[in-house]
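Scroll down for the structure; my scribbles are underneath it.
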Amino acid sequence: MTLTKDVLIIGGGISGITVAMELAQLGIHSAIVEKETSLGGLSASFCCKASESCNKCFACVVDKRISELSRYPEISVLTQTEVIGVKGEDGRYSVTLKKRKERFDLRASAIVIATGIDPFNASQKVEYGYGRYKNVITAKELDEMLRFKGLLSRPSDGRPPKTIAFFQCVGSRDESIGNLYCSQVCCAYALRLIKTIRHQYPEVEATFLYMDIQPAGTSFQEFLSSCREDKKIHLIRSLPSKVYHSPLSDKLRVRFIDPEKEEVVEASFDLIVLSVGMVLSKGTQSLTETFGLSLTEDGFIAPPSSHKGLFIAGACSGPKDIDRSILHSKSTAFVVHQFLRGRA
Amino acid sequence: MIKAEQKPMDEILRYLNPYNKILLSGCGACVTVCHAGGEKEVELLASGLRMARQKMGKRIEILEATPARQCEPEFAIELSEMIEKVEAVLSIACGVGVQTLVRHFPKTPIFPGVNTTFLGETLTHGVWEERCQACGNCVLEKTGGICPISRCAKQLLNGPCGGSSKGKCEIKKEADCAWQLIYDRLKSLNQLYKMEEFIPAKRWGVESRDSGLRRMIREDLKI
Amino acid sequence: MKAGSNLEKILEKGWFAVTGELGPPKGNDVSVVKRKAELLKGYVDAVNVTDNQTAIVRMSSIATSSLLLQMGLEPVMQMTTRDRNRIAIQSDIFGATALGIKNILCLTGDHHTFGNQVDAKNVHDLDSIQLIDCVRTMRDQGTLLGGEEKIEGEIRLFIGAAENPFADPFEYRAVRLGKKVAAGVNFIQTQCIYDMNRFKEWMKMVRDRGLHEKCHILAGVTPLKSGGMARYMAKNVSGIIIPEEIIDRVVKAKKPAEEGIKICVEQIQELREIEGVHGVHIMAIEWEQMTSKITEMAGLLPRPKVDQ
Amino acid sequence: MPRIGILIDTLQGSVPASFQEKLSAYVKEFPEVIVCFKEDDLNSSDAISRINRYVESEGFDRVVILGGSPKDYEISFQKLKLSLPLNPYLFSVANIREQALWISSDEEMALERAKIIISKAIHTVNSTKPIPTQSLTLNPEVLILGGGLIGISIALDLAHAGIRVFIIEKEDRLGGKAQKVFKWLEEKIDEVEKNPKITVLTQARLKRVVGHLGRFEATIECPDRKEITLAASAMVVSTGYASYRERKGIYAHKRVVAIEEMEKIMAEASGPSLLKEGKKIEMVTYLLDEVNEDIKIDSISAIRQSLILQDLLGCQVAVLCKDIKVSSNGMERLYRRAREKGVLFFKYDDPPRLSIVDGQIEVDLKDTSPIQKKERWPVSILSDLVVIGESFGPIPEAEELSKVLKIHLGPRGYFMEDNPQLLRVRSNRKGIFIAGACRFPQEASEALIEARAVSQEIITLLSKGTYPYDLAVAEVDPKKCALCYTCPRLCPHSAITIEKYGDRNVYTTPMTNKEMKWGAAKVDPASCYGCGICVAECPAKAITLQHLTSEQIYAQMNLGE
Amino acid sequence: MTEFNPKIVAFCCDQSGYPAADMAGALKRKLPKEVEIVRVPCAGRIETIYLIKALERGADGVLIFACYEDNCQFLRGNLRVKGRLSYAHRMMERVGLEKERLEICHLATNQGVRLAEILHQKVEQLKKLGPNPVRQKK
C-alpha cells in the first residue's frame, strides 16, 4: 500500500506536532511518523513546574497541543512507525516506513525532520556514579516522578529526601566527553524544578552546583532573584568532581571546590539530580545518513538548503527548550509552506 | 455619580431580626455602576441573608427586585404589589431611593442596606474618590476646576494650610493636598493670579445643606 | 495705634520683640496657669495663649487670657476657625475685647482628627484669612462681617496670624502671606524654624513683595529637648523641616537638652540679623522654664518697658 | 419537546459492553430520548456521515454523546471543520469515561456518576439553542510598526507570500539598531524599498487605532504633521528595545565606552593595532552584567569582539561578568577559542571597583571562579579601555503605544506579560502580534526565528481570506447595559467598546416605529474568546455567554433549586 | 446512620482544571464519590453568586480549579476570581461558615495527580467540619 501526503513529518514531539498543526491550518496534509506508541516525545513527560505562580516551563502548552491534535483531519499520525529508506529527491520523495512487521511507502513533496534529542547518557560521567548509586538520578527521571507519581521520593528507600543537589552541565560544555556546547535549557529547567519542589516540600533544601547561569525568557531576572532570596536554595558556582556513597547512612558525599573558602570541600546529600545535556538521538544519526544530511560540529543536524524539500524543526537542529522549539517549528512551517507554494 | 458601599451584614441582620418575609430592592442606576446595589448585589445579599438566618434557625423569605431607578416615584410605585406581600423592605439603593420608598409606602418599614458615601469619580475598576459635596454654590471657577470643599480636609478657600507637605495632606497621608493640585493646575494654565485673590467667606447658608431642606423649583417646568 | 497693646507698641518702636507661648490646662486648675505665667513673666513682651492646640480639649483661650491679664501679663489670644462658626467667633471677640484682651492670633487650627475628640464635627465656616478679614472689618469698619450692622462700642485688636515657610508649595507661601496682609494682618508668627536657608529664601520672597514693611514678622523658634524629640518632629510633624546636622548635634551631644538650648540661642542671633524679622516667638512647649534661660543667653533681657 | 438521539462512543472498547448496556437502559428513561446507538470512532469523518444518516432516518434534533472527554469531540465538532447535520451546539457530551468509569472504585459507583453526568448533558442540550456562525473577510494587508531587523524580515516574508505590507518607522530610514551590526542588512533594506508590495513610511508615528481584527484602521502621523489612515487586517509590533547607559562619575571618562560604541571603534580600526588619541591600546577590559544579568547580547558581543581584539588588533582582553552567557549555538566554542587565544575571564559577585590611575583605568574585583590558588585574587587590571555593557529597556514610546493599540505591557515595560499561553508572539488582542526585542531584548538569530513565527501566524490567519467564527461569545443586551465601562476596562482582549450608536442595539418604538439608537457596550464577536470575564463582572447582568448561561451552570452544580 | 460523604462542587477551568480531571481519569486515579464537576471556559467566568448559591443550596465544599498566575489563557481570569473569592469569604465569615468550605487551587493541564490529591484532602477536611450548616432541609 502507498500513502500520499503533502508533507511527511518525522518525529511526534512538540516540534513535529507544531509543524503539522501549523501546516494543517494552511490546508496542507501531513503525516507524523512517531516511533513510540504515543505522541509528545520528551516534552510530554515533563511536569508542571509552577510554584506560587507559573514559572513558564511551557510543559502545559505541550499537553494542550497534543489534545488539540485530533482537531485536524489533515493530520494523520503513524505511531510505532520508523523510517527505513527514501527514494527520490527535490520535492518528490517516496519514503519507506515500517510499522511493526508491515512495510509501506509514503509519497510526500516535503519532509520535515523533527526527531528532537536524547538526554545525555549520564553514566558516561563515571565520577557521578549514575547507574551505580540508586539515589543519583537525572532531572528527567525526577520530572517524570513528579508528573506521574506526584510525589518526591528516593529510589533507594522511597523516603522523601531532605537535601537535594543539582549538578549542572552534565554532558554539556564538557571537553572531556567532547560536547563543546551549552545545552541552553538546563539552568532554567533545573531551577524551576527546585522552585516547584521547594513550594510543594518546604522542608527540602536544594543545592545548585553550576558553572554559569544561563538566562531564559522575559521574567528570568525576577525568577532568579526569587531563587536567591530563598534561604533554602544554595547557588554555588562550582562543578563537583566526584560523588561517593556512604552505605551506612545511605547518603551521597559530593566533593567540589568551595569558591568562598577556595578549597576542596565535601558535602553530603540524600538525592543527587543530574541536569543532563542534550545530544542528537541515536535514531536520528541513522536518519541523517538516509537523507544524506550533514551534522554541525556540535553533532546536531545542519540546515539543508531549502530547495531540496528537506527541513529541520526543533531541538534536533540545536538545543532548544519547549518555548523555542515551538517558535522554531512555526518558522519551519512557514518555510515549508513557501516551498510548496513555489512548486504549485 | 453617587457612590455607596454595602453595610456590614450583621448590622443588616439586626434590622431584619423581627421579620420573616422581606423585599430586597436594589437600583439600576448609580449603585449598580459602583457595584453596591445592582441586580447582582441584590441576589448576593439575599442569598447571604437567607443563609445567615437559616444558620440562626430563623428562616427568612426574601423577594428580590431591581427597579431601573428607585429615586423616581413611578418606578418605586411599581414595587407596591411585592411590598404588599412583605413585612419590611431592605433597600440597597442610595439614601434617596430609600426615602422615595418611604414616601410611598407609609405602612411598611424600609431599611437601608448601603451607606451612601459620596458623589465621586471612578479612578480605576474598584477605586472611587469623592469630587463634589453639592455645597450649592460652585467655586470651581476660582480653583482651576479642583474642589477644595470636597477635597480639602479643612475646606479652605484661600490656599493650603501649614500641613501641606510634598503634595500630600497631613490628615490623610495617602491623599493629595487639594491646594497643591489647584496650585499645579493654575500654574500650568498660567492663572496663578487666581490664587492671589482673596476669596471672602463662603455662603454656606442659603443654597447649602446647612440651610435645612433644599428644594429646587423651576417655575418654567412646574406649571 | 490699632489696639495699643504692649506688643504693638514695642514693634512700632522698632524694638526686637519677644513673645512666648503658654498652653492652658486640660481642666480648670488655675494654679497651672499661675505656675506657667510666673515662668514667663518679665522675659517676654506678650504670651500666646493656645486655642485647644492639636485639637486637645483645654481651658478656653479667652478665659486663660483674661487670667493672664489679672496676673499682669499681656496675652495674645489665639483663635481657630475649627470650632467656631462666624457667629461664635464674633461674639467671642466682643467678649475677649470686653475683658481687655488686645492681641489676637487668627488660625485655622489643627485638624480635629489629631486631637482627643476625633468624632467631632469640624466647623471651618471661615478659614484663617477670612477670620483676619472678619476681625479687621469689626475693628476698622465697626460692623459685623458682611453686614452694615454697627457694633455697639469699638473693637481694638492687634491682629496677628501664623505662617509656615516650611509647608508646600514653597513658592506660594509668600504669596499667601500677601493675602493675609491684604486681609489686614498686623503681625506674623512663623512656624518654628530649623532650616535657616529655606527661611532666608522665604524672607527674600517676602521682602521682594514688600510685605515686611506692611506687617511685623516674628520668627518662631522651639528648643529641642532631645534627639528623640528632634527625630520625631522631623519625621511626623508635617510642615516642620529639621536639617540632619541639627538632629546630629542634639543626638551626639552629652547633654542634649543644653545643646538644644544652645542651638536655639544661635538661631535667635542669626534670625535677628535677617532684614524684616522684627522679633522672635519662643515656643517652649511644656518647657516654659527654659524661656528665661534662652532670652537671657540670647541677650534679649531685660525686656524694655514702654511708658503708658 | 426536543428529540434527542443518544450516541454511545465505544472508544475502541475502553467502555465495557456491559456498562454500555446499563447506560442505554438508563437513557431510555428520558422521554425526550428517542434513539440510542453505538459508534466505534466518532472522530473519523465517515462516522460523521453516518450520524447524518441517523439524523435523517430517526429525525432527532439534538445529540448527546456518551464517551470520553468532551474536549476531543468539541474540537472535532465545534471547530467548524466538518459539515454537521445539526448545529454543533446541539451536541452535548457526557464524559462517562474519564469522569465516571476511570475515577470510580467500582462499576456501581461509576454507573451512579455516569447517570448524573448524562442527565446534566441532556439538560444542557435541552437548554441550548443553535448558535450560528459568521465569517469575516480579511484583506491581505498588514501593518508593521518598526522597520528594524525584525520588521524588515517579516515584511519581506509576507510580501513574498503575496501580502500587502505597510512599515511604520519613526526614524528617517529603515534598519534600526541592527544597521551597525549586520552589513548584510543593507541589501535587505534595498530589497524592501524595491518590493512593490511593501510601502515604507519613515518619520511616521501611529496616532490612533480603531476597529478590531480584520478591520483595523490606523491613523498615522507623517512628517509635516500630515495624517493618513491605513486599513489593515493584522498588525505587528516590532519596535525593538532601547539601550542606553547613564554616564556618571568614572563612567563618563573617555576611556570608558559602551559595547555599541566599541563596535564602531573597531570598525574604524585600520592596521594591526587599535589606537586611541594616537596611543596604542594594549589592555581592554569588558565589564558585563552590571545592569542586566538576564540578557545574552552583551556576553555574546563581548566574546566576539574580544576574539578580534586579542587575535588581530594585538590587545590583551579581560572579560568580567557574573555569568558568561553561552546559551546560543556555537557560543561555547567561541568562548573556548577566546580562552585559548589568551582572553582572560573573571567572575564576580560584588561589582568591581573602577579608579583612574594616571590616565588609565584600574579595575579591581574579587574573582569568584572556583579555583584553589589563593594568589589569583583580588584581581586588579590596569586597562587602556573599559568596555561596559549596555543597559537595556523598553522604548520610551512603549506606554503610549500600548494605550493606542490597547495591548498590555509587562511588569518591566516591555510589550506583553510573560504568559506561556500567548506562545510568545501573540498579544492579548486577536490580530496583533509582537516580535523581537520589543517583547524582550534577545540576540538576532533567536529574534529572527520569532519573526518567522509571526509571519507564519499571519499567513495562517490571512491565507483563507476569511475568518470564520461562531457567536458562542459574550453578548450585551443594550437595554440592560448601564454604561458603567466595567467590561471595556476588564476585557483581557480589548474586544469590547462602548458604541455610542452601535447597530447591535437598535430597537424600534411601538408608536412611531422609528429606529431609536442608544449607547451601550458592544462586543466584537470575532475578537472575543468567550472567556466570560465580562459576564461575571457586569453589574447589570447585561452580558451573557451564549453557550454557557448561569442557568446552565446551576444545572451543572446539580444541587436542585 | 450512614457515614457522611461531603458534597463538593468543583469549578474546573477548561484550560487547566478540567483537562487535569481528565488526566486524573486517564491515570485511573480514584476520586471521592460526591464531586460535581462544573466546567467553565475560564475561572474568570465564575461569578461570586455561583459560589454563594452553591453553599446555600447545600454544597459542603466548593473548590475552584484555576490556572496559575501568569498562565491564564485569558490573562487575568484567575486573578479576577481570586478577588470574588475574597468577597465570598467575607460574606461567609458574617454568615458563620468556615472559610475552608470555599477554596481556590491553582493547577496546570498536566496535574491530574495533584487534583485528585486536593479533592481527597478536601473530603477529609470537610468530614472533620461536618455537613454544611445552612443546608435547607428538603
For region D:518-548, which residues satisfy the criterion of being open to solvent by less than 20 Å² (accessible area, probe 1.4 Å), within 9 Å of chain E (Cβ to nearest Cβ) and farther than 21 Å from D:GLY431 by Cα?
D:VAL535, D:ALA536, D:LEU545, D:LEU548
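Hey, among the residues in region A:263-282 that are surrounded by fewer than 17 Cβ atoms within 10 Å (Cβ to Cβ) and not β-branched (Val, Ile, Thr), which one's nearest to the other protein chains (Cβ to nearest Cβ)? Steps first, please.
Pass one, region A:263-282, residues surrounded by fewer than 17 Cβ atoms within 10 Å (Cβ to Cβ): A:263-266, A:268, A:282.
Okay, now just the ones that are also not β-branched (Val, Ile, Thr), so A:263, A:266, A:268, A:282.
On the way: A:GLU263: 6, A:GLU266: 14, A:SER268: 19, A:LYS282: 21 Å.
Per the criteria, the residue is A:GLU263.
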Restricted to region C:1-33, and to residues that are assigned to a helix (DSSP H, G or I) and touching a helix residue (DSSP H, G or I) at 6+ places or on another chain (Cβ under 8 Å), which residue is nearest to C:GLY220 (Cα to Cα)?
C:VAL33
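Looking at this structure, is A:ALA31 open to solvent by less than 10 Å² (accessible area, probe 1.4 Å), touching a residue at least 60 places away in the same chain (Cβ under 8 Å) and within 20 Å of D:GLN421 (Cα to Cα)?
Values: open to solvent by less than 10 Å² (accessible area, probe 1.4 Å): yes; touching a residue at least 60 places away in the same chain (Cβ under 8 Å): yes; within 20 Å of D:GLN421 (Cα to Cα): no.
No, not satisfied.
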Scan region C:235-255 for residues that are touching a helix residue (DSSP H, G or I) at 6+ places or on another chain (Cβ under 7 Å) and open to solvent by 40 Å² or more (accessible area, probe 1.4 Å) and jot them down.
C:ILE241, C:ARG249, C:VAL251
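What number of residues within region C:177-212 satisfy the criterion of being among the charged types (D, E, K, R) and touching a residue at least 40 places away in the same chain (Cβ under 8 Å)?
First, pick out the residues of region C:177-212 that are among the charged types (D, E, K, R): C:179-180, C:195, C:198, C:200-201, C:204, C:207-209.
Then drop every residue that is not touching a residue at least 40 places away in the same chain (Cβ under 8 Å), which leaves C:179-180, C:195, C:198, C:200, C:207.
Counting residues in region C:177-212 that are among the charged types (D, E, K, R) and touching a residue at least 40 places away in the same chain (Cβ under 8 Å) gives 6.
Can you pull out every residue in region C:71-91 that is surrounded by fewer than 18 Cβ atoms within 10 Å (Cβ to Cβ) and either touching a residue at least 24 places away in the same chain (Cβ under 8 Å) or of a type outside the set (A, V, I, L, M) (or both)?
So in region C:71-91, the residues surrounded by fewer than 18 Cβ atoms within 10 Å (Cβ to Cβ) come out as C:71-72, C:85, C:87-88, C:91.
Within region C:71-91, C:MET71, C:GLY72, C:ASN85, C:SER91 qualify.
So how many residues does region A:303-342 have that are among the aliphatic types (A, V, I, L, M), more than 10 Å from chain D (Cβ to nearest Cβ), over 19 Å from the mean Cα position of the chain (by Cα) and closer than 17 Å to D:ALA453 by Cβ?
As a first pass, look at region A:303-342 and keep what is among the aliphatic types (A, V, I, L, M): A:310, A:312-313, A:315, A:322, A:326-327, A:333, A:335-336, A:340.
If we keep only those that are more than 10 Å from chain D (Cβ to nearest Cβ) as well, we get A:310, A:312-313, A:315, A:340.
When the remaining residues are screened for being over 19 Å from the mean Cα position of the chain (by Cα), the result is A:310, A:340.
Retained after the next criterion (residues that are closer than 17 Å to D:ALA453 by Cβ): none.
Looking only at that region, the number is 0.
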Identify, please: which residue in region A:285-302 is more than 22 Å from A:GLY40 (Cβ to Cβ) and part of a loop (DSSP other than H, G, I, E, B) and is, among those, farthest from the other protein chains (Cβ to nearest Cβ)?
A:GLY292
Going through region D:549-561 in order, the residues found to be at the interface with chain E (Cβ under 10 Å from one of its Cβ atoms) and closer than 23 Å to B:HIS35 by Cα are D:SER550, D:ILE553, D:TYR554
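Among D:ARG333, D:ARG353, D:ARG339, which is the only one that is within 16 Å of D:VAL284 (Cβ to Cβ) and either within 10 Å of chain A (Cβ to nearest Cβ) or among the basic types (Lys, Arg) (or both)? Write out each step before concluding.
Values: D:ARG333 fails: within 16 Å of D:VAL284 (Cβ to Cβ); D:ARG353 fails: within 16 Å of D:VAL284 (Cβ to Cβ).
Matching residue, one of D:ARG333, D:ARG353, D:ARG339: D:ARG339.
Would you mind stating whether D:SER83 is in a helix (DSSP H, G or I), surrounded by fewer than 22 Cβ atoms within 10 Å (Cβ to Cβ) and modelled with pLDDT under 80? Working first, answer last.
Numbers: in a helix (DSSP H, G or I): no; surrounded by fewer than 22 Cβ atoms within 10 Å (Cβ to Cβ): yes; modelled with pLDDT under 80: yes.
In short, no.
Check A:LEU23, A:LEU8 and return the single one that is assigned to a strand (DSSP E or B) and modelled with pLDDT of 95 or more.
On the way: A:LEU23 fails: assigned to a strand (DSSP E or B).
Step by step, each of A:LEU23, A:LEU8 is checked, and only A:LEU8 is assigned to a strand (DSSP E or B) and modelled with pLDDT of 95 or more.
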Look through region A:245-257, keep the residues that are in a strand (DSSP E or B) and surrounded by 14 or more Cβ atoms within 10 Å (Cβ to Cβ), and return whichever of them is nearest to the other protein chains (Cβ to nearest Cβ).
A:ILE257
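In the set B:GLY145, B:GLY163, which member is over 27 Å from B:VAL33 (Cα atoms) and either modelled with pLDDT of 95 or more or of a type outside the set (Ser, Thr, Tyr) (or both)?
On the way: B:GLY145 fails: over 27 Å from B:VAL33 (Cα atoms).
Going through B:GLY145, B:GLY163 in turn, just one is over 27 Å from B:VAL33 (Cα atoms) and either modelled with pLDDT of 95 or more or of a type outside the set (Ser, Thr, Tyr) (or both): B:GLY163.
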Which condition does D:PRO539 not pass, out of (1) modelled with pLDDT under 90; (2) touching a Ser or Thr at 6+ places or on another chain (Cβ under 6 Å); (3) not hydrophobic (A, V, I, L, M, F, W, C), if it passes all the others?
(1)
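Considering only residues that are out of contact with any Asp or Glu (no Cβ under 7 Å at 6 or more places or on another chain) and not in a loop (DSSP other than H, G, I, E, B), look in region D:221-236 and name the one that is surrounded by the fewest Cβ atoms within 10 Å (Cβ to Cβ). Lay out the reasoning, then the answer.
Pass one, region D:221-236, residues out of contact with any Asp or Glu (no Cβ under 7 Å at 6 or more places or on another chain): D:222-226, D:228, D:230, D:234-236.
If we keep only those that are not in a loop (DSSP other than H, G, I, E, B) too, we end up with D:228, D:230, D:234-236.
Numbers: D:ILE228: 12, D:LEU230: 19, D:ALA234: 24, D:MET235: 26, D:VAL236: 32.
Among them, the one singled out is D:ILE228.
Results for (1) at pLDDT 95 or above; (2) farther than 29 Å from D:CYS491 by Cα; (3) open to solvent by 10 Å² or more (accessible area, probe 1.4 Å), shown as yes or no for each residue.
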{"site": "E:CYS72", "(1), (2), (3)": "no, no, no"}
{"site": "E:GLY83", "(1), (2), (3)": "yes, no, yes"}
{"site": "E:TYR87", "(1), (2), (3)": "yes, no, yes"}
{"site": "E:MET92", "(1), (2), (3)": "yes, no, no"}
{"site": "E:LEU102", "(1), (2), (3)": "yes, no, no"}
{"site": "E:LEU107", "(1), (2), (3)": "no, no, no"}
{"site": "E:ARG114", "(1), (2), (3)": "no, yes, yes"}
{"site": "E:GLN125", "(1), (2), (3)": "yes, yes, yes"}
Pick from region D:36-54, criterion more than 14 Å from chain A (Cβ to nearest Cβ) and surrounded by 17 or more Cβ atoms within 10 Å (Cβ to Cβ), ranking: modelled with the highest pLDDT
D:CYS36
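One residue is enough: does region D:410-419 have a residue meeting the conditions in a helix (DSSP H, G or I) and either open to solvent by 50 Å² or more (accessible area, probe 1.4 Å) or within 11 Å of chain A (Cβ to nearest Cβ) (or both)?
Filtering region D:410-419 for residues in a helix (DSSP H, G or I) gives none.
Within region D:410-419 (the criterion being in a helix (DSSP H, G or I) and either open to solvent by 50 Å² or more (accessible area, probe 1.4 Å) or within 11 Å of chain A (Cβ to nearest Cβ) (or both)), the answer is no, since none of the residues qualifies.
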Subset tally (residues that are within 7 Å of chain D (Cβ to nearest Cβ), of a type outside the set (Asp, Glu) and within 17 Å of the chain's Cα centre (by Cα)) for region E:20-29:
2
Taking only region C:158-176 into account, find how many residues are within 7 Å of another protein chain (Cβ to nearest Cβ) and part of a helix (DSSP H, G or I).
3
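Give the residue that is nearest to C:SER5 (Cα to Cα), with candidates limited to residues of region C:273-295 that are out of contact with any strand residue (DSSP E or B) (no Cβ under 8 Å at 6 or more places or on another chain) and touching a residue at least 40 places away in the same chain (Cβ under 8 Å). Break it down stepwise before answering.
Going residue by residue through region C:273-295, those that are out of contact with any strand residue (DSSP E or B) (no Cβ under 8 Å at 6 or more places or on another chain) are C:273, C:275, C:286-287, C:289-290, C:292-293.
With the extra rule that they be touching a residue at least 40 places away in the same chain (Cβ under 8 Å), the set shrinks to C:275, C:286-287, C:289-290, C:292.
Working: C:GLU275: 24, C:GLU286: 26, C:TRP287: 26, C:GLN289: 25, C:MET290: 25, C:SER292: 22 Å.
Among those residues, the one meeting the criterion is C:SER292.
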Considering residues that are more than 8 Å from chain A (Cβ to nearest Cβ), hydrophobic (A, V, I, L, M, F, W, C) and open to solvent by less than 20 Å² (accessible area, probe 1.4 Å), the number found within region D:420-450 is 8
Looking at A:LYS162, is it within 27 Å of D:GLN421 (Cβ to Cβ), more than 11 Å from chain D (Cβ to nearest Cβ), of a type in the set (Lys, Arg) and in contact (Cβ under 8 Å) with a residue 24 or more places away in the chain?
no
For region C:81-93, check the following and say yes or no: at least one residue is out of contact with any helix residue (DSSP H, G or I) (no Cβ under 7 Å at 6 or more places or on another chain) and among the basic types (Lys, Arg).
no
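Quick one: which strands (runs of 3 or more DSSP E) lie wholly within region D:97-198 and hold at least 3 residues that are crowded, with 21+ Cβ neighbours inside 10 Å, at pLDDT 95 or above and among the β-branched types (Val, Ile, Thr)? Reasoning before the result, please.
Details: elements: D:133-137, D:141-145, D:164-168.
Here the list reads D:164-168.
The values are calculated or read from the model by the stated rules, or taken from the named source; none is laboratory data. Keep in mind that what you see is a predicted model, and the values were worked out from it rather than measured. We place every Cβ from the backbone using ideal geometry, glycine too, and count neighbours over all the protein chains shown. Remember, those area values only see protein heavy atoms, side chains included, never the ligands or the DNA or RNA. Shrake-Rupley method; radii C 1.70, N 1.55, O 1.52, S 1.80 Å.
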